[in-house]
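Since the structure comes first, as structure tokens, the remarks are kept for the end.
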Amino acid sequence: NRSINDYMNNNIRTQYQAANNMRVGVEIKPIAWLALRGGYAYYGSPSAVGDNIFDAPIELDSRDLAFGIGFKVGRTSIDASFVNKQTNYSDYDLFYWDGGDGTVIVNDLISKNKSRKNIATVTVTIPF
């Protein structure tokens, strides 16, 4: 149905915007068998909601900071990495519900959220 598609497309246009993403990384090999790596990533928010407060958190932007080291002996390699990821979320009401009669009840308890994840990985490559 065309009217449903128009309605959905209009909602997407008003609630989302272009997001700017950036990734930068570097690898340095001070000696043939050793690689040192570092990187940064920024993922912008596609949300056009501004400072609105919702009934659930919406992921806004995130930043990654990464470090790594790699060793190569013959054809075998061992790589280790660490990533710190920080994500910002929109503010949202801790208590938000329909009172049963169609009225919306909102308390004044606003949650401001950020999350931080640390991820470590080790990989071993043995070609055969």
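The values are calculated or read from the model by the stated rules, or taken from the named source; none is laboratory data. All of these numbers come straight from a predicted model, not from anything done at the bench. For neighbour counting, all protein chains shown are included, and Cβ atoms are generated from backbone atoms with ideal geometry for every residue, glycine included. The accessibility values were calculated without ligands, DNA or RNA, using every heavy atom of the protein model including side chains. Shrake-Rupley method; radii C 1.70, N 1.55, O 1.52, S 1.80 Å.
Side notes on the structure shown:
- Enumeration of residues in segment 29-48 that are in a strand (DSSP E or B) and either in contact with an Asp or Glu (Cβ under 9 Å, 6 or more places away or on another chain) or under 15 Å from residue 81 (Cβ atoms) (or both): 34, 35, 36, 37, 38, 39, 40, 41, 42, 43, 47
- Residues in segment 73-88 that are open to solvent by 70 Å² or more (accessible area, probe 1.4 Å), modelled with pLDDT under 95 and part of a strand (DSSP E or B): 73 only.
- Pairs are defined by a Cβ separation below 6 Å, a sequence spacing of at least 6 or placement on different chains, a first member in segment 1-27 that is at pLDDT 90 or above, and a second member that is outside any helix (DSSP H, G or I) and among the basic types (Lys, Arg); the pairs so defined are 27/37.
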